[in-house]
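This report concerns only the one structure given below.
The values are calculated or read from the model by the stated rules, or taken from the named source; none is laboratory data. The shown structure was predicted, so the numbers you read here are calculated from the model rather than taken from an experiment. Methodologically, a virtual Cβ is constructed for each residue, glycine included, from the backbone with ideal geometry; neighbour enumeration extends over all protein chains shown.
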Amino acid sequence: MKRRALLKQLAISVPALAITRHLNAAANIIPGIGQMIQKGPFQPSWDSLSAYQAPDWFRNAKFGMWAHWGPQCQPEAGDWYARSMYIEGSSQYKIHLEKYGHPSKFGFKDVINTWKADQWDPEELVALYKKAGARYFMAMANHHDNLDLFNSRYQPSWNSTKQGPKKDLIGGWEKAARRNGLPFGVSIHAAHAWSWYETAQQADKTGAFAGVAYDGKLTKADGKGLWWDGLDPQELYAQNHPLSEGSGDPRTIHQQWNWGNGVYVPSKAYCEKFFNRTMDLIDSYNPDLLYFDDTALPLWPVSDAGLRIAAHLYNKSIKQKGKLDAVIFGKILDEQQRKCMIWDIERGQSNQIEPLPWQTDTCIGSWHYNRDIYDKKRYKSAQTVIQILCDVVSKNGNLLLNIPVRGNGAIDELERGIVVEIGQWMALNSDAIYDTRPCNVFGEGPAMEDAAPLSRQGFNEGKGKPFTSADLRFTTKGDHIYAIALGWPESGKLTIKSMKEGSALVKKSISGAQLLATGEKLSFTRDQQGLHITLPENRPALSYATVFKIS
């Protein structure tokens, strides 16, 4: 392909030097046989994908659970371990030295080799999550560490059927989800391995190992006589390229997440391999949901791989089901891109009712299991999770909740207790969650008046005022409005200002009010100050989110 034509195809806004590097790399590539896109109404362009509409099943589900689980859970030392273990002086580097040795001698490929997942029971965990109220289930198919957690045709050496557990993890999760009647999703993070693993190319600056390179540049020839003899570490690390600008500062990667700002642009071969791996995953396991941990779609704007994947999934869904039933999540979306997929906000909530369905994804601890959080009992409580759920649903959103899985494949007893309590609340109050839609007012109270602004990716969770009984969130279904008080009013009376006579929220007369958890009918009055509900003497269980059903 001529240089000008490729530039037009990429339609990118990265520095000219980076474009030149990409073209030079692409010129030396002979592409292999790739996956074919399913034909259908959707084409791999933003204009075409903007015809997407979120399926009703997703809008009605409201609550999903996620197993963000992979080899980085094996050290039980938290998020981004496979990157930070190569950052001299970081907490995970220190843990790695103590647990495994120096990363020039024992790298992340070797951590993978220690991971056995010998207590993994996907059927038991998915059944537990369904009982807790989850209406869909997500499993991680790969992370930035680049190990595919399925029987991967295009990552044949570095996948979980050949290394580590030697099990098809996505296959096991998928079967468990189907048996439990839950839509099945996969999260895909591997597009960023190219720059994320650049720390593995570096070396200590001080101490006994100063200047001794970590294992990020090792090749197949270096493995003679070792456990990985015959394997090519570059198929995992993808570091056979120069470092990006500013890679000496670990924070720089956040500024380069959209493949600009001095990142060394991935080669065409790398992009096409990612495309083929993801297409293979879709065609082999038929997920209903795809989660991308990327700005917009993976590798955009240096490659159209993500656009092709999205068009394929949508067309495949139409062909198989006769309608578009699939869901794709993306982050940091512009207005057009929010029409093409579901906007995902990481660890945060919108501060308004969004016109299109959206999702927040959050976790009760670290994304990857962190033993320190368990030891210090620092998990999010069931109360916090339920209050987040009520807030998100009132604004036209869904909640995807990760329960960190230990390296061995089990969850700990503290996590299990939280999941069980979530299920207890949902058993009493889920009528206010499932199948609902937002009202024209999402709520009232001091928390919304002091809400923390969103960053580009999210991360405003827990930064505003904590919820109290004065904070209410509203949902609606049929002829009912559900008013959810995020606490129990100690005064014995609840006043809902948004339901005063003549209010925009309730224009008709109110015929009844009841406590949803018990079905008890409650007395009330209504005037220009609000709807005043007299509460029963005995508060219901789990009253940190108390639902009143207004007829």
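The condition of being among the polar types (S, T, N, Q), over 30 Å from LEU414 (Cβ atoms) and not in a helix (DSSP H, G or I) holds for only one of GLN352, GLN320, that being GLN352. Residues considered: GLY502, GLY519, GLY487. Of these, the only one that is out of contact with any Leu (no Cβ under 9 Å at 6 or more places or on another chain), surrounded by 18 or more Cβ atoms within 10 Å (Cβ to Cβ) and part of a loop (DSSP other than H, G, I, E, B) is GLY487. Examine segment 19-40 for a residue that is surrounded by 15 or more Cβ atoms within 10 Å (Cβ to Cβ), of a type in the set (S, T, N, Q) and at pLDDT 95 or above, and state whether such a residue exists. Looking through segment 19-40, at least one residue is surrounded by 15 or more Cβ atoms within 10 Å (Cβ to Cβ), of a type in the set (S, T, N, Q) and at pLDDT 95 or above.
Checked against the criterion of being under 20 Å from the mean Cα position of the chain (by Cα), in the same structural domain as PHE63 (by TED's automatic domain parsing) and more than 20 Å from ILE188 (Cβ to Cβ), the candidates ASP334, ASP288, ASP325, ASP294 yield just one match: ASP334.
The rows are residues; the columns are (1) modelled with pLDDT of 95 or more; (2) assigned to a loop (DSSP other than H, G, I, E, B); (3) closer than 24 Å to ALA326 by Cα; (4) of a type in the set (D, E, K, R).
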| site | (1), (2), (3), (4) |
| --- | --- |
| TYR52 | yes, yes, yes, no |
| ARG59 | yes, no, yes, yes |
| TRP66 | yes, no, yes, no |
| ALA82 | yes, no, no, no |
| TYR86 | yes, yes, no, no |
| GLN92 | yes, no, no, no |
| LEU97 | yes, no, no, no |
| PRO103 | yes, yes, no, no |
| ILE112 | yes, no, no, no |
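Criterion applied to TYR314, TYR264 was being part of a helix (DSSP H, G or I), assigned by TED's automatic domain parsing to the domain that holds GLU88 and either surrounded by 18 or more Cβ atoms within 10 Å (Cβ to Cβ) or hydrophobic (A, V, I, L, M, F, W, C) (or both), and the one residue passing it is TYR314.
Collect the residues in segment 283-306 that are part of a helix (DSSP H, G or I) and either touching a Pro at 6+ places or on another chain (Cβ under 8 Å) or buried (at least 22 other Cβ atoms within 10 Å of the Cβ) (or both), keeping them in residue-number order. Matches in segment 283-306: ALA305, GLY306. Any residue at all in segment 133-142 that's assigned to a helix (DSSP H, G or I) and out of contact with any Lys or Arg (no Cβ under 8 Å at 6 or more places or on another chain)? The answer is no, given that none of the residues of segment 133-142 is assigned to a helix (DSSP H, G or I) and out of contact with any Lys or Arg (no Cβ under 8 Å at 6 or more places or on another chain).
In the set LYS549, LYS507, only one residue is in contact (Cβ under 8 Å) with a residue 60 or more places away in the chain and either under 21 Å from TRP425 (Cβ atoms) or in a loop (DSSP other than H, G, I, E, B) (or both); that residue is LYS549. Given the structure, is ALA208 in a helix (DSSP H, G or I), of a type in the set (A, V, I, L, M) and more than 16 Å from TYR237 (Cβ to Cβ)? Spelling it out, it is not the case that ALA208 is in a helix (DSSP H, G or I), of a type in the set (A, V, I, L, M) and more than 16 Å from TYR237 (Cβ to Cβ).
If we scan segment 135-150, do we find a residue that is in contact (Cβ under 8 Å) with a residue 60 or more places away in the chain, acidic (Asp, Glu) and farther than 16 Å from ARG277 by Cβ? No, segment 135-150 contains no residue that is in contact (Cβ under 8 Å) with a residue 60 or more places away in the chain, acidic (Asp, Glu) and farther than 16 Å from ARG277 by Cβ. Scanning segment 400-414 for residues that are outside any loop (DSSP other than H, G, I, E, B), within 19 Å of the chain's Cα centre (by Cα) and surrounded by fewer than 24 Cβ atoms within 10 Å (Cβ to Cβ) yields a single hit, ASN402. Would you mind stating whether ARG347 is on the phi < 0 side of the Ramachandran plot and surrounded by fewer than 21 Cβ atoms within 10 Å (Cβ to Cβ)? No. Residue check: GLY248 meets all listed conditions (1) farther than 25 Å from PHE58 by Cβ; (2) at pLDDT 95 or above; (3) surrounded by fewer than 20 Cβ atoms within 10 Å (Cβ to Cβ) but one, namely (2). Could you run through segment 46-70 and say how many residues are within 30 Å of ASN159 (Cβ to Cβ) and either of a type in the set (Asp, Glu) or over 17 Å from the mean Cα position of the chain (by Cα) (or both)? Total meeting the criteria: 1. Just one of the listed residues (TRP259, TRP194) is of a type in the set (A, V, I, L, M, F, W, C) and not in a helix (DSSP H, G or I), namely TRP259. Using the structure shown, decide if VAL212 is of a type in the set (A, V, I, L, M), surrounded by fewer than 18 Cβ atoms within 10 Å (Cβ to Cβ) and touching a residue at least 12 places away in the same chain (Cβ under 8 Å). Yes, satisfied. Looking only at residues of segment 166-203 that are basic (Lys, Arg) and free of Cβ contacts under 8 Å to residues at least 24 places away in the same chain, we find that the one that is surrounded by the fewest Cβ atoms within 10 Å (Cβ to Cβ) is LYS166. Take the residues in segment 87-106 that are more than 19 Å from TYR369 (Cα to Cα) and not aliphatic (A, V, I, L, M), then tell me which one is surrounded by the most Cβ atoms within 10 Å (Cβ to Cβ). So, considering only residues that are more than 19 Å from TYR369 (Cα to Cα) and not aliphatic (A, V, I, L, M), the one surrounded by the most Cβ atoms within 10 Å (Cβ to Cβ) is PRO103. When residues in segment 108-150 are screened for being of a type in the set (Val, Ile, Thr) and more than 17 Å from ILE170 (Cα to Cα), 2 of them pass. Every test in (1) under 30 Å from ARG338 (Cβ atoms); (2) at pLDDT 90 or above; (3) exposed (fewer than 12 other Cβ atoms within 10 Å of the Cβ) is passed by ASP527 save one, and that test is (1). Screening GLY78 against (1) crowded, with 21+ Cβ neighbours inside 10 Å; (2) modelled with pLDDT under 95; (3) of a type outside the set (Lys, Arg) leaves a single unmet condition, (2).
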